[in-house]
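Worksheet: the structure to be examined is printed underneath.
The values are calculated or read from the model by the stated rules, or taken from the named source; none is laboratory data. If you're wondering where the values come from, they're calculated on a predicted model, not measured in any experiment. Cβ placement follows ideal geometry from the backbone for every residue including glycine, while neighbour counts extend to all protein chains displayed.
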Amino acid sequence: MPRTARTASLLAAALLATVLPSAGAGAAEAVPRIDLTVLVVDDGGSAVEAITSELRSTGVPYRRVDLADSGRPVINAGFLSDTVSGRPRAKYQGVVLPHESAFGPDSAEQAALTAYEKTFGIPQVDAYTWAHPGVGLDYTSEGGLSGPLDGAAASVTAAGRAGPFRHLDGPLTFEDNDPAISESYGYAGRPREGFTSYLDIPVDGGGRASLIGEYAHDGRRELVVTFAYNQYQRQFRALARGIVEWLTQGVHLGQSRSYFSVHVDDVLAPDARWDTARNCTPGDFDCVGGDGDGVNPVRMTAEDARYAATWQKSSGFTLDMVYNGGQGEQWKTEHGGADPLATQLIADRAQYRWVNHTYTHPFLGCVQDNATVPWQCAKNATGATLWTNRSAISGQIRDNHNWAVAKGISVDRAELVTGEHSGLKTLPQQSADNPNLAGALSDNGVKWIASDNSREPRQRAVGAAKTVPRHPMNVYYNVGTAAEMADEYNWIYTSRADGGSGICEANPASTCLPAPLDTATGYASHIVPQEARTALSHIVANDPRPHYVHQSNLAEERILYPVLDRVLADYRALFADNTPLVNPRQRDVGTELNRRASWEQALAAGQVTAYRIGTTVTVKAPAGVTAPITVPEGTRKQLLLGTAVFGTAYAGTRSAWTAPEPLQSATTLRLPTV
């Protein structure tokens, strides 16, 4: 066994051993049952909410007790434990507190919790506290520090990398998104006896002081966090997995991955170009005057396609080409019967994933009446909405699929991205799906249809198909150069007084730039880091939804690549090799979201039973519901005869969506003993 694997296995065994009672216990008491649920005591602060968000997003069941609720349950022995079939049961495998003495240091509730943790070996997370001897640290005045941590260069210690934070490489820099605002505050104290630091920072006078660590004392273990954070900050998102692993001793329901996939829409089609003089895009209904659809659209060339293939190899990342075959055929007809771009992409077809984007990219919702701005749905004489018919929708899907097959392109019939996500409801003009859409999807075997996450973040059914929400990246479809991108960005995000549209002033969810970006430098200096930061925030939040851009972003100045390069570099600098990016295709994302929805429903309905007795984990869920489970390396799944290695290795653990084997009523896992 490699030394790193053996270290992880020994650590897991050591953690599991903490739940075993003394040798003098009776037979029934020797191995208690530990239910796989987390107790969260909530004071309304951002730190507890951040940890709760990690539990929720990864599928870990928890019970929340609101300290501000006068009707909340009393934390006593009966609330925390009982007996099932003569066996002692701990109802919670871990406890999250706002700080080390949330109920008051001398209160009956604090005493009950302390006794519970000692009896069953239950770990406790102190979500945010200060450095002092009561949590195993010196005061900050004794060689530590306190104050803002914006931009601070912390590091995961050797103990952290060998333990719960083994998914991280080591260096961890605190965010500093706005120099004018203090974003993080912390207390770094020097460890005392019994304290093991997992994240530390250099301090004046030499040496390092802890920001996260484990304090073992009085037969209990606490994870002590001494800096403030919220669920959106990168430092928390990077550490969140390790906090949950420590809290659950590496055995819990739920699983987490770092997902990143990028759909390139409109491949083979030209995209209209932003008009920097009129501040609009020719061809749009609200762009009056000038040359219709424009005389200089943005479209990839064969050289752009060769660059894309080369970039994929060097970056180790695969793009999804969301194609319009009919647009390519039309381009060929209009340009002397040849299309070097299509020829190159088809030659490199095996290097990409391909997704059907309809043959010619028409709008597939209601018939658009563009006599007004914004457009409206056209209606007949009786006032009924006119819709694109089922035959037309089905033909667009079928013809594009057949085009790819004829070119030797491997394309999944079950996946579809309609032009502008059309056919699905488009507010405010079209408040419902095209009633002909579901039938057309069924005609063509479509199971997963893309939607816009900014409009519909939740997956939903469209007939027999389901949506796959996609994140729009703020790299615009109608630009080919960095200067054009910055110009349009200025129009959207600057005030009228600064020459912008004022959209940012009218939209409460938006923020205006303090001044327009320099069009020569603004893309690289402002937009690229901001978009990379946004994409990375999705990746580290266990969000499988794809991101989408357009073929124009791979053309001319190829402005997408600096964003992707930044995302990949930042991720790989932060995370260890055991935690690689997962690059799912559309159907895999749809399946993941569908499983999560079923799991969430089962948890909410109280239909899941899961517990650990010694080194055996048992999980029962409703028929048809697969359960996400994360366990240490070396875990095996009980089969009808014998066992098999469980799950997939990821981040130093093993995890999978799983269900009972044939003739079994529950999933049973055997944890490693050494």
(request) Check whether at least one residue in the stretch 505-513 is part of a helix (DSSP H, G or I), at pLDDT below 95 and not polar (S, T, N, Q), and report yes or no. (result) yes
(request) Determine which single condition Pro435 fails, assuming it passes every other condition in (1) in a loop (DSSP other than H, G, I, E, B); (2) in contact (Cβ under 8 Å) with a residue 40 or more places away in the chain; (3) buried (at least 16 other Cβ atoms within 10 Å of the Cβ). (result) (3)
(request) Scan the stretch 44-82 residue by residue and report those that are of a type outside the set (Lys, Arg), closer than 19 Å to Leu113 by Cβ and free of Cβ contacts under 8 Å to residues at least 12 places away in the same chain. (result) Asp69, Pro73, Gly78, Asp82
(message) Checking the condition out of contact with any strand residue (DSSP E or B) (no Cβ under 9 Å at 6 or more places or on another chain) and of a type in the set (Gly, Ala, Ser), which residue from Ala111, Ala131, Ala90, Ala68 passes?
(response) Ala111
(request) Output the qualifying pairs, or none if there are none: Cβ atoms under 7 angstrom, residues six or more apart or on different chains, first residue in the stretch 220-247 and under 23 Å from Ser655 (Cβ atoms) and free of Cβ contacts under 8 Å to residues at least 24 places away in the same chain, second residue surrounded by fewer than 22 Cβ atoms within 10 Å (Cβ to Cβ) and of a type in the set (A, V, I, L, M). (result) none
(request) Go through (1) among the small types (Gly, Ala, Ser); (2) surrounded by fewer than 17 Cβ atoms within 10 Å (Cβ to Cβ); (3) closer than 30 Å to Arg33 by Cβ one by one and return the number of the condition Ser141 breaks. (result) (3)
(message) Can you say whether Thr173 is touching a Ser or Thr at 6+ places or on another chain (Cβ under 9 Å) and among the hydroxyl-bearing types (Ser, Thr, Tyr), as far as the supplied structure shows?
(response) no
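His526: of a type outside the set (Gly, Ala, Ser) and assigned by TED's automatic domain parsing to the domain that holds Ser451, yes or no?
It is false that His526 is of a type outside the set (Gly, Ala, Ser) and assigned by TED's automatic domain parsing to the domain that holds Ser451.
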(message) Among the residues that make up the stretch 518-527, is at least one of them surrounded by 15 or more Cβ atoms within 10 Å (Cβ to Cβ) and of a type in the set (S, T, N, Q)?
(response) yes
(message) I need every pair where a residue in the stretch 124-146 that is at positive phi has its Cβ under 8 Å from the Cβ of a residue that is surrounded by 20 or more Cβ atoms within 10 Å (Cβ to Cβ) and modelled with pLDDT of 95 or more, sequence separation at least 6 or different chains.
(response) Gly136/Pro191; Gly136/Phe195; Gly136/Gly213; Gly136/Tyr215; Gly136/Glu222; Gly136/Val224; Gly143/Arg190; Gly143/Ala209
(request) Find the strands (runs of 3 or more DSSP E) located wholly in the stretch 133-197 whose residues include 3 or more that are farther than 30 Å from Pro514 by Cα, and list them. (result) 153-156
(message) Among the residues of the stretch 86-95, are any within 21 Å of Phe236 (Cβ to Cβ) and assigned by TED's automatic domain parsing to the domain that holds Arg220?
(response) yes
(request) Would you check if Ser442 is part of a helix (DSSP H, G or I) and either of a type in the set (Lys, Arg) or over 32 Å from the mean Cα position of the chain (by Cα) (or both)? (result) no
(request) Test Arg72 against the criterion of being surrounded by fewer than 21 Cβ atoms within 10 Å (Cβ to Cβ) and in a loop (DSSP other than H, G, I, E, B), and give yes or no. (result) yes
(message) Against the condition farther than 30 Å from Leu172 by Cα, of a type in the set (Lys, Arg) and crowded, with 21+ Cβ neighbours inside 10 Å, how does Arg654 come out, does it pass?
(response) no
(message) I need the full set of residues from the stretch 598-613 which are under 24 Å from Gly121 (Cβ atoms) and surrounded by fewer than 17 Cβ atoms within 10 Å (Cβ to Cβ), in order please.
(response) Thr609, Ile613
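Any chance the stretch 342-356 includes a residue that's within 22 Å of Pro580 (Cα to Cα) and touching an Asp or Glu at 6+ places or on another chain (Cβ under 6 Å)?
There is at least one residue in the stretch 342-356 that is within 22 Å of Pro580 (Cα to Cα) and touching an Asp or Glu at 6+ places or on another chain (Cβ under 6 Å).
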(message) Against the conditions (1) part of a loop (DSSP other than H, G, I, E, B); (2) touching a strand residue (DSSP E or B) at 6+ places or on another chain (Cβ under 9 Å), where does Ser501 fall short? Just the number, please.
(response) (2)
(request) Being without any contact (Cβ under 8 Å) to a residue 24 or more places away in the chain and surrounded by 15 or more Cβ atoms within 10 Å (Cβ to Cβ) narrows it down to one of Gly121, Gly170, so name that one. (result) Gly170
